[in-house]
Amino acid sequence: MRNRFLLCLAVTGLVGCESVQTTQGGAVGVDRNQYMFSSLSSSQVDAMAAESYEKILAEAKAQKVLNTKPALVKRVRKIANDLIPTVEAFRPDARDWNWEVNIITDDQLNASCMPGGKILFFTGIIERLELTDAEIAQIMGHEIAHALREHGREAISRAYTTQMGTQVVGALFGLGQASMQAADMAVQYGLMLPNSRSNESEADLIGLELAARAGYDPNAAVSLWQKMAAASQGNPPAFLSTHPSPGGRIENLKQAIPRVQPLYEAAR
């Protein structure tokens, strides 16, 4: 955190890095300061994500693997409809996002929520892990949390800041121009690569609270990650490659459950 702040501070006047409050802290108390590239708006990142999402859906449709299991689609969309209203606890504007939920028939253990509310699940994560509705809600809440906290925009900002900071230093010392592909690389970094461990921990906590507010048992977070740990067998799925260790994550969730248990009881 300190290094990131110092980096932003060093180039603020040149590349416009600013402190941003994306969400309220909620019962779980996620209140880390975030620093974003000021010339990159939320709407721009949402548009990038929407375009990427449409390409994924188009490819899946062409391969005849999009929404091929109606009962499962109905189940997952029902859980999403339960969770989406609870986002108001963290950021009221998100309730009005253009939410979309789709499923691709694929054996991989994967799920995501892109910036702006574009949710995607793969059948493998549900069927191979034999997930309950409450466990699906934990995954979905976790992925929604990434979107609420704008972790994608934050990652793009970090890439922009690092790259542009390098360009500035190079220009000052006569080292020449960096590649014009830097912006494209930054977008790919922010939208496609795994999140940092700190972002994953934030998403765990916010997702836990979202699910509890929607009436899903928070203890499902523990059973979910136990299943994930068993399935990984020391080789976690790609989207878990930077996640906290299963043991540490489960312990953190256990400590947070008492904070959201009253919300769950009230929602039942």
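A few notes on this one:
- In plain terms, the chain from E51 to Q255 could stretch by 69.6 nm, reckoned as 0.36 nm per residue minus the Cα-Cα distance.
- Extension gain for V20-S39 works out to 5.6 nm (0.36 nm per residue, less the C-alpha to C-alpha distance).
- With R₀ fixed at 22 Å, the C-beta to C-beta distance from K64 to Q108 puts the FRET efficiency at about 0.85.
- Amide H contacts of Q34 (H built 1.01 Å from N, in plane; Pro and chain starts excluded): V20 sit under 5 Å, all sequence-distant by 5 or more or on other chains.
- Whichever lysines have a C-alpha closer than 16 Å to that of K69, once near sequence neighbours (fewer than 8 apart) are set aside: K61, K78
- Listed by chain and number, the aspartates and glutamates whose C-alpha is less than 13 Å from the C-alpha of K227, apart from same-chain residues fewer than 8 away, are E127, E130, E135.
- Label-point separation in nm, S198 to Q226, each point 7 Å along Cα→Cβ: 3.2
- The range 22-41 and the range 99-127 have Cα centres separated by 24 Å.
- Extension gain, D133 back to E265 (0.36 nm per residue minus Cα-Cα distance, nm): 45.8 nm
Read-outs: derived from the displayed coordinates by stated rules, not from any lab. Everything numeric in this text was worked out from a predicted model, so none of it was measured. We place every Cβ from the backbone using ideal geometry, glycine too, and count neighbours over all the protein chains shown.
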